[in-house]
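Encoded as structure tokens, the structure appears first; notes follow it.
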Amino acid sequence: MQSFELDHVFICTAVGAPEADLLRDFGLIEGPSNVHPGQGTANRRFFFQNAMLELLWVHGPEQAQNARTRPTHLWERWCGRSRDASPFGICLRPQHPETTALPFPAWAYTPAYLPEPWVIHVGDNATMLAEPLLFYVTFGRPPGQADSRYPMAHAAEFQEITALRVQGPQQTPLSAVFQAAVDTGAVTWCTGSQHHMEIGFDGEIHNQVIDCRPTLPLTLSW
């Protein structure tokens with residue numbers, strides 16, 4: 001059975017991601033941050049039982065534009081986050097260990113910080129900055145597994161990400177690569193006036209919404 005699920009999403013932010021403070025004020029507990037040596041990026045992270053929200057920025061322009069990282073176009077995406085570039089990244093993982101296929105056409109990216117033999121499969125639409133960056137990791141695991149070290153006792157009481165809806169001012173049909181990601185059911189897309197991400201939690205049974213704009217192009221629904 002070839003099936004896929006959400007591993008995590010990222011949103012490009014200002015250096016240091018001061019935008020994370022809005023999420024903390026709302027009641028999300030922040031987990032440990034990461035620096036990505038050789039890639040020139042760093043993050044602040046919020047973990048849920050099945051997936052993670054990452055706020056990402058470039059701290060090393062030289063590393064973000066080196067020969068290994070350049071094909072990801074992370075630098076251009078981060079620089080253009082307030083203009084035409086989608087500030088989003090969407091990472092999928094296999095739902096079952098026996099899954100061998102890729103969810104979308106992709107190429108192998110081996111950043112310096114990633115231990116062998118792990119590989120990140122970056123979607124072939126990486127050059128299409130109007131669409132979110134897609135990537136896939138076979139080694140991804142739900143943050144809430146039994147031995148997890150990540151804090152997830154959110155005052156907001158969120159448990160799982162159960163919906164991911166992304167929009168952007170796309171003037172042309174979606175690439176076949178992004179359409180393949182949509183076809184997995186892990187993400188839905190619609191055309192809108194601006195780049196925006198909506199994350200739904202726990203089936204959205206309470207019909208509650210918090211809109212993080214203009215601080216973040218993000219809405220949380222639960």
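Read the figures in this text as sums done on the coordinates, not as results from a lab. The structure presented is a predicted model; accordingly, all values stated were derived computationally and were not measured. When we count neighbours, we look across all protein chains shown, and the Cβ atoms used for this are built from the backbone with ideal geometry, even at glycine.
Just a few scattered comments:
- Residue, nearest to the chain's Cα centre (by Cα), within region 19-43, restricted to residues that are in a strand (DSSP E or B) and either of a type outside the set (Val, Ile, Thr) or crowded, with 21+ Cβ neighbours inside 10 Å (or both): 43
- Only one of 112, 126 that is assigned to a loop (DSSP other than H, G, I, E, B), closer than 23 Å to residue 17 by Cβ, small (Gly, Ala, Ser) and under 15 Å from the mean Cα position of the chain (by Cα): 126
- Flag for residue 51 being under 17 Å from residue 216 (Cα atoms) and either within 17 Å of the chain's Cα centre (by Cα) or in contact (Cβ under 8 Å) with a residue 24 or more places away in the chain (or both): no
- Residue under evaluation residue 163, criteria (1) of a type in the set (Gly, Ala, Ser); (2) surrounded by 14 or more Cβ atoms within 10 Å (Cβ to Cβ); (3) outside any strand (DSSP E or B), criterion not met: (3)
- Within region 64-84, residues that are in contact (Cβ under 8 Å) with a residue 60 or more places away in the chain have Cβ atoms under 6 Å from residues that are surrounded by 15 or more Cβ atoms within 10 Å (Cβ to Cβ) and not small (Gly, Ala, Ser) in these pairs: 72/122; 77/129; 78/12; 78/58; 81/12; 81/87, counting only partners at least 6 apart in sequence or on another chain.
- When region 129-146 is filtered for residues that are within 17 Å of the chain's Cα centre (by Cα) and either charged (D, E, K, R) or assigned to a loop (DSSP other than H, G, I, E, B) (or both), the ones remaining, listed by number, are 129, 130, 131, 132, 137, 138, 139, 140, 141, 142, 143.
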